[in-house]
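Novice: Before I ask anything, here is the structure I am working with.
Each value in this text was obtained by applying a stated rule to the coordinates, not by laboratory testing. All of these numbers come straight from a predicted model, not from anything done at the bench. Methodologically, a virtual Cβ is constructed for each residue, glycine included, from the backbone with ideal geometry; neighbour enumeration extends over all protein chains shown.
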Amino acid sequence: MAFTSAFALICFLFMLLNVSHCKTLKRDAKALNEIKASLGWRVVYAWVGDDPCGDGDLPPWSGVTCSTQGDYRVVTELEVYAVSIVGPFPTAVTNLLDLTRLDFHNNKLTGPIPPQIGRLKRLRTLNLRWNKLQDVIPPEIGELQQLTHLYLSFNNFKGEIPKELANLPELRYLYLHENRFIGRIPPELGTLQYLRHLDVGNNHLVGTLRELIRVEGSFPALRNLYLNNNFLTGGIPAQLANLTNLEIFYLSYNKMSGVIPSELAHISKLTYLYLDHNQFSGRIPETFYKHPYLKEMYIEGNAFRPTVKPIGVHKVLEVSDSEFLF
């Protein structure tokens, strides 16, 4: 019995030693060392040694998370944010094929997102907000089939919002505000079964709501819809009431017109309704004033009749990205 116990202990210790000496996959080590060598990131001063997952007494590089796969360690998360990284988006990142999370937010990255981004098939979170990235979003981003969170806000992206984003079946949160997008919002986005938050505010988008929700059963899980500060026209279609999970509807500063349909008040979870600074007219249906959850309805800057009153006290809606990370 004692021999069996000792043998089991030896085997267990051997396994621990074997795991601790797993080498980082050469592909991943090469990619991160290439990034380290080519860009003058301040963070690289904390990247000691040649092995990003740590080697011997050296810890993993700051912002690098690794996991063991068989006889090797692979990089699964890379988080390097708010350290004033300057330079183009590092294409070598797209060689980290096991990445599930890539977070470069709040830096000074420039240039385009490389089309090779489509290689990161396991990526779930891509956070590039608050940079200086430019050009169009590559259609290859639609190849990230596992993606649930996409943050591209506060950059200088231009062109149209790619309809290939509708190829991301797991997408929950899509942040595109504060860019230079033009054209129409792809109605194909309405086919995303799990999309909860869509923010395309502060761009140069045109089109109508009727075009956006023309697909039957559009946006079945959508809770927050931010369309503010664009050039949208037309009215609010009664069919918008089919978005039964809608809680925040932000239309401020567009060029929309017409009357407010009473059907909109039938959205039972509607909490914030921002209609201000458009060209709406007529009356607000009485049902809005009896809505059990509507906390704010802002109507300033329209052509409503004088008897129309707002609901609640206006404040700028700024929802923190961190509330939607998990």
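Novice: Apply the a/c threshold of 1.5 to the C-alpha gyration tensor of the range 118-182 and tell me whether it is rounded, prolate or oblate.
Specialist: prolate
Novice: Taking the Cα centre of the chain as origin, work out the dipole magnitude from +1 charges on Lys and Arg Cβ and -1 charges on Asp and Glu Cβ, in debye rounded to 20.
Specialist: About 540 debye.
Novice: Let me ask another. Listed highest first by mean packing, meaning other Cβ atoms within 10 Å per residue, what order do 241-247, 29-35 come in?
Specialist: Going from most to least packed, we get 29-35, 241-247.
Novice: Still on this structure, I have one more. What is the gain in length, in nm to one decimal, between residue 191 and residue 116 on full extension, counting 0.36 nm per residue of separation less the C-alpha to C-alpha distance?
Specialist: Here the answer is 24.5 nm.
Novice: Can I ask one more? Calculate the all-directions average of the projected area of the range 62-324's alpha-carbon convex hull, and give it in nm².
Specialist: Over all viewing directions, the range 62-324 projects a mean Cα-hull area of 14.3 nm².
Novice: Going 7 Å from the Cα of residue 160 toward and past its Cβ, which residues in the range 208-244 have a backbone nitrogen under 18 Å from where you end up?
Specialist: Hits in the range 208-244 for residue 160 at 18 Å: 208-215, 231-233.
Novice: Stretched out fully, how many nm does the piece from residue 46 to residue 135 gain, at 0.36 nm a residue minus the Cα gap?
Specialist: Taking residue 46 through residue 135 to full extension adds about 28.9 nm, to one decimal.
Novice: I would also like to ask the following. At 7 Å along Cα-to-Cβ for each site, give me the label-to-label distance between residue 82 and residue 106 in nm.
Specialist: 0.3 nm
Novice: Could you work out how far helix 2-20 tilts from the main Cα principal axis of the chain, as a 0 to 90 degree angle to the nearest 10?
Specialist: Helix 2-20 sits at roughly 60 degrees to that axis.
Novice: Going by a ≥ b ≥ c, the root eigenvalues of the Cα gyration tensor, does the range 219-312 fall in the rounded group (a/c under 1.5), the prolate group (a/b larger than b/c) or the oblate group?
Specialist: oblate
Novice: Can you give the FRET efficiency for residue 216 and residue 97, using 1/(1 + (r/R0)^6), R0 = 35 Å, r = Cβ-Cβ distance, to the nearest 0.05?
Specialist: Efficiency at R0 = 35 Å is approximately 0.40.
Novice: Between residue 181 and residues 5 or more places away or on another chain, which pairs have amide H atoms under 5 Å apart, with H built 1.01 Å from N, and which residues are they?
Specialist: HN-HN under 5 Å from residue 181: 204.
Novice: Want the number for residue 38 to residue 300: 0.36 nm per residue separation, take away the alpha-carbon distance, what's left?
Specialist: Full extension from residue 38 to residue 300 adds 89.1 nm.
Novice: From the backbone phi of the range 184-201, what are the Karplus-calculated ³J(HN,Hα) couplings (6.51 cos²θ - 1.76 cosθ + 1.60, θ = phi - 60°) in whole Hz, Gly and Pro given as x?
Specialist: Coupling constants for the range 184-201: 9, 6, x, x, 4, 4, x, 7, 6, 5, 10, 5, 9, 9, 10, 10, 10, x Hz.
Novice: Now for a separate question. Based solely on its DSSP helices, what 222 nm [θ] is calculated for the chain when runs of n ≥ 4 H residues each add -39,500 (n - 2.57) and the sum is averaged over all residues, nearest 500 deg cm²/dmol?
Specialist: -3500 deg cm²/dmol
Novice: Another question, if that's okay. From the residues 125, 229, 280, which one has its Cα farthest along the dipole of the range 62-324 in the positive direction, the dipole being from +1 and -1 charges on Cβ of Lys/Arg and Asp/Glu about the Cα centre?
Specialist: 280
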